[in-house]
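The values are calculated or read from the model by the stated rules, or taken from the named source; none is laboratory data. Since this is a predicted model, take the numbers as computed values, not measurements. Glycine also receives a Cβ, built like all others from the backbone with ideal geometry; neighbour counts cover every protein chain displayed.
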There are 2 protein chains.
Amino acid sequence: MAIIGRVTALSDDFGWTLGVVFRAFVKATNAAVGDLPGGHRGYQVLSASVRDRPESQSALCRQLGVDRTVMTYLLDDLEAASLVVRKPAPTDRRTRLVVATDTGRDRLRELDLRLAHAEAHVLSGLSEEDRAAFKGLLRRVAGHVNELDPVPSACQAVQDIAASTS
Amino acid sequence: MAIIGRVTALSDDFGWTLGVVFRAFVKATNAAVGDLPGGHRGYQVLSASVRDRPESQSALCRQLGVDRTVMTYLLDDLEAASLVVRKPAPTDRRTRLVVATDTGRDRLRELDLRLAHAEAHVLSGLSEEDRAAFKGLLRRVAGHVNELDPVPSACQAVQDIAASTS
DNA sequence: GCAGATGTTCTGCTGTGCAGACGTTCTGTC
DNA sequence: GACAGAACGTCTGCACAGCAGAACATCTGC
């Protein structure tokens, strides 16, 4: 795996390592959730609907990083499977609340177990301590990045580079 | 951001945090590489062609987690931009070596700077020490997961769960 | 020499993000 | 109360990417 003889090998690239881990997790998760509508996204929707009680579909989209047009048929499928229901919000008839059914809650409990195994599988190269440290750091990065619109700053960085190299 | 009142909030979910960070990085990277053919994937191909001298297109695909049909037109675009060339391998005329041109190497040097800024942007919530620790752990996870076909094991995990819950 | 395997490309199929349009509903202003 | 503008959800069309399968050229083993 390790490529010798170069100062910066591909295995040292942050983007590459992040992509490898992300793809492995998605693959493991999709296998773990089985025939759940929407695959690993379906799980996240179900999980969020139980744990965060999203106040609208679009809030859910923002949280999960899913496009709103995708969320429409994702919820269609989950609703057809009786795992969640769309309820009109009492305060605003434009918005729909996404609420898990009892079936959905039961299913989520079972899925949580499977997902924990998938996660453990992906992280099986680390000790218990290192896993906790890694997850903690990841959580901090996610929390920070989530409060930040990445694009403008990235563009700024590009401009800085352009200025410094021209 | 933090959701209070639940034992396991969305922000504690490994898959969610991983997805947030990955999407933020891809977005920042795509912005950083500008008009490079293939966006952040184009960078990885260019980087790998310089640093790892891949012995074939399919080896490159496996390394980068890119489908071989995608690699075809990705290389078409990079070749059209004179950043890489496909050379027939001397040992096997079926395979093509992917070699960066001088233009490609120059471009890579510039892109490396931009990418370092994008990476720093995504990790800006961590101290210098924590960044190093995070990247080290990530590298270890990627290295381990990469030697492992995730799907069979995940399926095994699913069967274990099914056996334990039935 | 020949059957089977491998590398690359091409063609569909599917899933996903994105932009835009539309109908419904809410909000603020007159 | 009426109206313009904004927000929410849905639908359509486009683009990109993964995946499966086929086709073609080439290599390997018998």
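Annotation for the stretch A:17-36: at least one member residue is part of a loop (DSSP other than H, G, I, E, B), more than 7 Å from every other protein chain (Cβ to nearest Cβ) and farther than 22 Å from residue B:117 by Cβ.
When the stretch B:63-88 is filtered for residues that are within 11 Å of chain A (Cβ to nearest Cβ) and within 11 Å of DNA strand D (Cβ to nearest atom), the ones remaining, listed by number, are B:64, B:65, B:66.
Of all residues in the stretch B:124-142, those satisfying the criterion of being within 7 Å of another protein chain (Cβ to nearest Cβ), part of a helix (DSSP H, G or I) and of a type outside the set (A, V, I, L, M) are B:130, B:134, B:135, B:139, B:140. For the stretch A:59-95, filtering for residues that are more than 9 Å from DNA strand C (Cβ to nearest atom) and crowded, with 19+ Cβ neighbours inside 10 Å leaves 6. Could you tell me whether residue B:91 is more than 30 Å from residue A:117 (Cβ to Cβ), away from every other protein chain (no Cβ under 14 Å) and either within 12 Å of DNA strand D (Cβ to nearest atom) or part of a helix (DSSP H, G or I) (or both)? Considered against the rule, which asks whether it is more than 30 Å from residue A:117 (Cβ to Cβ), away from every other protein chain (no Cβ under 14 Å) and either within 12 Å of DNA strand D (Cβ to nearest atom) or part of a helix (DSSP H, G or I) (or both), residue B:91 comes out as yes. Just give me the residues in the stretch A:87-98 being over 19 Å from the mean Cα position of the chain (by Cα), of a type outside the set (Gly, Ala, Ser) and within 13 Å of residue A:55 (Cβ to Cβ), in sequence order. Passing the criteria: A:87, A:88, A:90, A:91, A:92, A:94, A:95, A:96, A:97.
Within the option set B:100, B:28, B:32, being more than 12 Å from DNA strand C (Cβ to nearest atom), at pLDDT 95 or above and surrounded by 14 or more Cβ atoms within 10 Å (Cβ to Cβ) holds for one residue only, B:100.
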